[in-house]
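The values are calculated or read from the model by the stated rules, or taken from the named source; none is laboratory data. The structure presented is a predicted model; accordingly, all values stated were derived computationally and were not measured. Note that each Cβ is placed from the backbone with ideal geometry, even for glycine, and that neighbours are counted across all protein chains shown. The area values use the complete protein model at the heavy-atom level, side chains included, leaving out ligands, DNA and RNA. Shrake-Rupley method; radii C 1.70, N 1.55, O 1.52, S 1.80 Å.
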Amino acid sequence: MTARLTQSWKIVISTGSILTLLLIGLGNHMWLNETEFPQKSRQFYALIAEYGSRLYNYQARLRTPKEQLELLKKESQTLENNFREILFLIEQIDVLKALLRDTRDGLHNYSWNMDRDEDQEPLEAADEEMSNLVNYVLKKLREDQVQMADYALKSAGASVIEAGTSESYKNNKAKLHWHGIGFLTYEMPPDIILQPDVHPGKCWAFPGSQGHALIKLARKITPTAITMEHISEKVSPSGNISSAPKEFSVYGILKQCEGEEIFLGQFVYNKMGSTVQTFELQHGVSESLLCVKLKILSNWGNPKYTCLYRFRVHGTPGEYP
């Protein structure tokens, strides 16, 4: 009987406590609804809201469409290409000025027709002489400076045998991009050195200062000379040509590009000289060759890579392979 009374009192006390807590909570809720926040609290929350709005606008500006970013990259590349073309044209203008000076100094070596009609105006005669001079200069500009057949020319049938050629330099900055993501590293192939298009950047690069290229000529020849070509510092985007080859040697190979190497000569490309430099071979061969190997022994100071623009091989043609 006593146990049942004790349990009943516990129930009564618990129920009373719960009702009391509910009444206190209801009273606090009504007090909060009737009480206004202090002025400082309102200013604080307004400041938080303002900074939140600024943060949202900043994030919205950061979310620039990827199409716009790609457009900016293309415009930047176009400007860079235009800049390179301008530098190349400046170099050509310098060449034209030099030719004009040489031609002017040597005018006395040319015989001009002095027996003109008496009624010919002096101004017309001067125009005719100037026209002849301009045509002469343009003819000189169109002529190849070397004036020897190039048997290492790709368009004539020559090629680079990659199995006997150094690996190309891998430049992590030179990547193809898709939606801002670099996915493929690209570089110029070795056979770019067998083509006449010598513009800044159109060169084959290999890592370090020593490398080699195995070249199958357009036909068998008895080699007599070689030509190395590089761009000048004036048109170099970096302002220097430290990656240009310096010391190099040339070897001939008798049997289908796999036989014994025959030393033909060792040379130095002078970066302060003409961009196109021709060297006579120091050692001759008794029979025709189909393949030559170019070995670069050093460059002009670039520790990362060496860049070759064009290499030519000259000689006397022999029998077809």
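If the chain between Val268 and Glu280 were fully stretched, how many nm would it gain, using 0.36 nm times the residue separation less the Cα-Cα distance?
3.1 nm
Taking 4 °C and 1.567 mPa s as the conditions, I'd like the Stokes-Einstein D for the stretch 237-321 in µm²/s, using the Kirkwood hydrodynamic radius from alpha carbon pairs.
90 µm²/s
With a probe of 1.4 Å, find how much accessible area the stretch 154-317 has per residue, and write the answer as a whole number in Å².
About 48 Å² of surface per residue is accessible.
What residues qualify as long-range amide H neighbours of Cys257, i.e. H under 5 Å apart, gap of 5 or more or another chain, H built at 1.01 Å from N?
Here the answer is Cys291, since their amide H atoms fall under 5 Å of that of Cys257.
Quick one: if you stick a label point 7 Å off each Cα along the C-beta vector at Lys255 and Ala149, how many nm between them?
Taking the simple label geometry, Lys255 and Ala149 are separated by 2.7 nm.
How many nm is it between the label spots at Thr316 and Ser238, if each spot is 7 Å from the Cα in line with the beta carbon?
Each label point lies 7 Å from its Cα, and together they span 4.2 nm.
Hey, what do the phi angles of the stretch 302-308 turn into as Karplus ³J(HN,Hα) couplings, whole Hz, using 6.51/-1.76/1.60 and θ = phi - 60°, x for Gly and Pro?
6, x, 8, 7, 10, 10, 10
Over 27 Å between Cα atoms, which of Lys170/Lys293; Lys97/Lys295; Lys234/Lys293 qualify?
Pairs exceeding 27 Å: Lys97/Lys295; Lys234/Lys293.
Past the 21 angstrom mark, what percentage of all C-alpha to C-alpha distances in the stretch 154-317 do you count?
In whole percent, the share of Cα-Cα pairs in the stretch 154-317 beyond 21 Å is 46.
At a probe size of 1.4 Å, how large is the accessible area of Lys97, to the nearest 10 Å²?
Answer for Lys97: close to 110 Å² accessible.
Report the paramagnetic label zone for His212: residues of the stretch 294-316 whose backbone N is under 16 Å from a point 7 Å from Cα along the Cα-to-Cβ axis.
Correct set: 294-298.
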